[in-house]
Amino acid sequence: MNSSMVKFVVLGAVIAVSVVFLVHRMSKPVDVQHGPDVFLFICPRDGSTMTWSRQEYMDFQRDQFGGDVLCPTKGTPMVRASQCPHCEAIFEAQRQMNCPKCRKPLFEVSAQAF
């Protein structure tokens, strides 16, 4: 076999393995048992909030093909929000460890996490 034939065979094998992997990955059902029970959203323009159950959010995603959650008053896209367990402030979800209002930690870190 010459080098161009070897390249063709290797490329074919890589494509075949990729297709098998993608078909296997896409055929797995979505695990809906894990994740938040409540989804919070906040409007960046007027600060209005909305709370949806997991089932309501999943139904919306199915019906709207993953579209944006719109603010009921402004009609603009809302963003995911978090709620402080201490002061109950609702704010835009970010990778922060402390509440922007009361500055207390948002999460309890246990020794089992490490």
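Any residue at all in segment 81-93 that's of a type in the set (Ser, Thr, Tyr) and either farther than 30 Å from Glu108 by Cβ or exposed (fewer than 13 other Cβ atoms within 10 Å of the Cβ) (or both)? No, segment 81-93 contains no residue that is of a type in the set (Ser, Thr, Tyr) and either farther than 30 Å from Glu108 by Cβ or exposed (fewer than 13 other Cβ atoms within 10 Å of the Cβ) (or both). Ile42 passes every criterion in (1) loosely packed, with under 12 Cβ neighbours inside 10 Å; (2) within 23 Å of Ser82 (Cβ to Cβ); (3) at pLDDT 80 or above apart from (1).
Checking each residue in segment 1-39 for being modelled with pLDDT of 75 or more and among the polar types (S, T, N, Q) picks out Asn2, Ser3, Ser4, Ser18.
Report, by residue number, each residue of segment 98-114 that is at pLDDT 70 or above and either charged (D, E, K, R) or within 24 Å of the chain's Cα centre (by Cα) (or both). Don't jump to the end; show me each part of the working.
Step one: of segment 98-114, the residues at pLDDT 70 or above are 98-108.
Residues satisfying the conditions are Asn98, Cys99, Pro100, Lys101, Arg103, Lys104, Pro105, Leu106, Phe107, Glu108.
The values are calculated or read from the model by the stated rules, or taken from the named source; none is laboratory data. Computed from a predicted structure; not experimentally measured. Glycine also receives a Cβ, built like all others from the backbone with ideal geometry; neighbour counts cover every protein chain displayed.
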